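Reviewing the structure listed below.
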Amino acid sequence: MTEQTSYPKLFGTNGIRGIPGKDLTLDFVTEMAQSIGSYFSGQRSLLIGKDVRNSSPALSKAVLSGVLSSGANGEEADIAPTPAHQFAVRSFGYGGGIIVTASHNPSQYNGMKVIGSDGVEISRESEREIETIYHEKKYKKADWKSIGRSGKETHVVENYIKGIMSQVNSAKIAESKFTVVMDIGNGAQAVAAPYLGERLGCRIITINGQADGNFPGRGPEPTPTNLKDLSEAVKVYSAAFGVAYDGDGDRSLFCDENGLIYWGDRTGSLLVDFLLEKHPGGPVCTTVSTSQLVGIIAQKHNAKVIWTTVGAVDVSRAMVNSQAPLGLEENGGFFYGPHIPVRDGAMTTALILEALASRKTSFSKAIQSLPTFYQKKAKYECPNEKKPQVMKYLETESKEGKIDRTDGLKIWIDEHTWILLRPSGTEPLIRVYAESDDEVKLDSLYERFQAMVKEATAS
Ligand code: MG
């Protein structure tokens with residue numbers, strides 16, 4: 001067999017990404033879809049899904065065309081959140097799926113996520129297999145008799161909403177008569193989350209609620225700094241909480257009834273605390289960039305945490321391998337295994353509603369009951385070819401602490417203080433995360449490493 005690692009990687013942390021007409025040319029997209037179709041050869045039909053991007057309808061046709069010319073069958077779905085397409089692949093019995101999306105990237109980007117028949121992103125090994133088929137041009141070219149058949153899949157969103165509702169106590173949620181503000185960010189949850197909320201008996205207020213590939217509202221990536229409108233709206237409407245979704249609707253960030261925004265590991269820990277009562281022992285899968293809070297909550301319930309490399313695929317696959325019911329990421333990805341072990345913004349919203357309804361408490365009180373840790377995050381530009389050299393420099397310069405090499409360089413300075421330096425898998429960036437139970441300690445540690453990273457990336 002040919003050495004696979006010698007080929008350039010086309011899959012990043014989360015699928016293939018690029019700019020249509022530039023990296024994602026028509027030739028590249030169709031040949032890649034032919035390669036993916038060949039990888040799934042002999043399986044049942046493939047689902048071709050898409051998000052709201054302006055280039056998604058054209059790319060979806062190119063993907064379908066590539067799949068059919070490899071001899072595989074394909075069914076095209078309308079706009080839906082990524083987790084809705086994933087749930088459709090599994091529950092309707094598709095052989096696999098390709099979702100045209102660039103998640104939270106700016107509007108000029110697009111990409112492809114490849115889904116296995118279990119609805120979860122394919123493994124890293126399968127990505128390498130597809131890259132090899134592509135680079136060696138070993139994809140199938142069907143003759144006129146064996147070209148695949150195409151069709152339409154029209155039940156993705158309804159199936160998704162019903163699937164989520166079956167996982168929560170709808171009657172209990174409805175009793176609480178919650179008001180919820182949803183910042184859709186002009187993304188794919190426009191077609192699902194508000195309708196789910198209404199069917200769970202909530203009063204739903206939306207902002208940036210129209211699906212729009214130009215993302216004219218606050219952009220496709222929710223962060224605690226661009227959700228001021230959400231915070232304001234929550235206060236104006238006296239809502240129980242607010243939630244903001246990313247472009248393809250798999251991630252969700254929440255704010256409490258006072259408009260205070262939280263990172264995903266804090267709200268995720270709240271859910272872990274609630275859900276470990278339903279799923280005793282866990283385990284809980286999360287990435288090394290997630291707060292140690294998750295570990296503390298899991299310990300309280302005698303549950304194990306499996307720490308993974310950074311990336312939703314890594315968490316999902318760890319959940320599949322360990323049959324874990326729960327997974328989370330600090331960026332707002334929460335994974336609920338009993339539904340489907342992929343991150344899912346609308347499923348997460350339903351679980352938060354259930355947790356608040358069951359505990360009969362406010363969002364802020366539920367969060368305040370968790371231990372406090374201080375965090376800092378930043379990103380520094382660094383060309384891809386310089387990343388190994390920069391990481392080596394940082395390792396030599398950091399002379400203290402216990403090192404965890406699960407992903408990048410995670411340095412534990414003391415029992416509750418760590419810093420993670422990690423080259424991004426998708427962008428020319430070095431990402432820095434730091435956390436401590438002591439704010440002063442965190443500031444000085446962060447400043448010291450920030451200076452080192454700046455020096456290393458500048459030289
Ligand atoms: Mg996303």
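The values are calculated or read from the model by the stated rules, or taken from the named source; none is laboratory data. Nothing here was measured: the structure is a model prediction, and the numbers come from that model. Glycine also receives a Cβ, built like all others from the backbone with ideal geometry; neighbour counts cover every protein chain displayed. Heavy atoms of the whole protein, side chains included, go into the accessibility calculation; ligands, DNA and RNA do not. Shrake-Rupley method; radii C 1.70, N 1.55, O 1.52, S 1.80 Å.
Residue under question is Glu129, and the condition is that it be more than 16 Å from the ligand (Cβ to nearest atom) and at pLDDT 95 or above; does it hold? Step through it out loud before you land on a result.
On the way: more than 16 Å from the ligand (Cβ to nearest atom): yes; at pLDDT 95 or above: yes.
The answer is yes for Glu129.
Among the residues of segment 97-113, write down those that are away from the ligand (no atom under 14 Å from the Cβ), in contact (Cβ under 8 Å) with a residue 60 or more places away in the chain and buried (at least 24 other Cβ atoms within 10 Å of the Cβ). Correct list: Ile98 only.
The set of residues in segment 44-70 being in a loop (DSSP other than H, G, I, E, B) and farther than 25 Å from Lys9 by Cα consists of Arg44, Ser45, Val52, Asn54.
Is it true that some residue in segment 367-379 is charged (D, E, K, R) and over 25 Å from Asp256 (Cβ atoms)? Give the steps one after another, and end with the answer.
The first filter runs over segment 367-379 and keeps only residues charged (D, E, K, R), leaving 376-377, 379.
Next cut, over 25 Å from Asp256 (Cβ atoms) only: 379.
Yes - at least one qualifying residue is present in segment 367-379.
Scanning segment 192-226 for residues that are closer than 16 Å to Gly264 by Cβ and more than 16 Å from the ligand (Cβ to nearest atom), we see that the one that is modelled with the highest pLDDT is Thr225. Across segment 313-356, the number of residues qualifying as within 19 Å of Ala190 (Cβ to Cβ) and either surrounded by fewer than 23 Cβ atoms within 10 Å (Cβ to Cβ) or within 13 Å of the ligand (Cβ to nearest atom) (or both) comes to 6.
Evaluate the following for Gly247: is it away from the ligand (no atom under 16 Å from the Cβ), at pLDDT 95 or above, under 17 Å from Thr348 (Cα atoms) and not basic (Lys, Arg)? No. Close contacts from segment 341-370, counting a first residue that is charged (D, E, K, R) and a second that is part of a helix (DSSP H, G or I) and within 16 Å of the ligand (Cβ to nearest atom), with Cβ to Cβ under 6 Å and a gap of 6+ residues or different chains, come to Arg343/Ala312; Asp344/Pro83. Among the conditions (1) without any contact (Cβ under 8 Å) to a residue 24 or more places away in the chain; (2) in contact with a His (Cβ under 8 Å, 6 or more places away or on another chain); (3) closer than 17 Å to Asp118 by Cα; (4) not hydrophobic (A, V, I, L, M, F, W, C), Pro325 misses just one, which is (1). Within segment 380-387, not a single residue is in contact with an Asp or Glu (Cβ under 8 Å, 6 or more places away or on another chain) and surrounded by fewer than 24 Cβ atoms within 10 Å (Cβ to Cβ).
Out of curiosity, is Ala88 in a loop (DSSP other than H, G, I, E, B), surrounded by 24 or more Cβ atoms within 10 Å (Cβ to Cβ), hydrophobic (A, V, I, L, M, F, W, C) and not assigned by TED's automatic domain parsing to the domain that holds Pro222? Break it down stepwise before answering.
Numbers: in a loop (DSSP other than H, G, I, E, B): no; surrounded by 24 or more Cβ atoms within 10 Å (Cβ to Cβ): yes; hydrophobic (A, V, I, L, M, F, W, C): yes; not assigned by TED's automatic domain parsing to the domain that holds Pro222: yes.
No: the conditions fail for Ala88.
Determine which member of the set Thr309, Thr372, Thr361 is open to solvent by 10 Å² or more (accessible area, probe 1.4 Å) and closer than 21 Å to Ile430 by Cβ. Even if it seems obvious, please write down each step before you answer.
Details: Thr372 fails: closer than 21 Å to Ile430 by Cβ; Thr361 fails: closer than 21 Å to Ile430 by Cβ.
Checking each option against the conditions leaves just Thr309.
The residue that is nearest to the ligand (Cβ to nearest atom), among those in segment 250-276 that are modelled with pLDDT of 95 or more and part of a loop (DSSP other than H, G, I, E, B), is Asp250.
Does Asn54 satisfy being touching a strand residue (DSSP E or B) at 6+ places or on another chain (Cβ under 8 Å), more than 13 Å from the ligand (Cβ to nearest atom) and farther than 22 Å from Val313 by Cα?
Values: touching a strand residue (DSSP E or B) at 6+ places or on another chain (Cβ under 8 Å): no; more than 13 Å from the ligand (Cβ to nearest atom): yes; farther than 22 Å from Val313 by Cα: yes.
Considered against the rule, which asks whether it is touching a strand residue (DSSP E or B) at 6+ places or on another chain (Cβ under 8 Å), more than 13 Å from the ligand (Cβ to nearest atom) and farther than 22 Å from Val313 by Cα, Asn54 comes out as no.
Scan segment 173-182 and tell me whether some residue there is in contact with a helix residue (DSSP H, G or I) (Cβ under 8 Å, 6 or more places away or on another chain), touching a residue at least 60 places away in the same chain (Cβ under 8 Å) and among the polar types (S, T, N, Q). Yes, because at least one residue in segment 173-182 is in contact with a helix residue (DSSP H, G or I) (Cβ under 8 Å, 6 or more places away or on another chain), touching a residue at least 60 places away in the same chain (Cβ under 8 Å) and among the polar types (S, T, N, Q).
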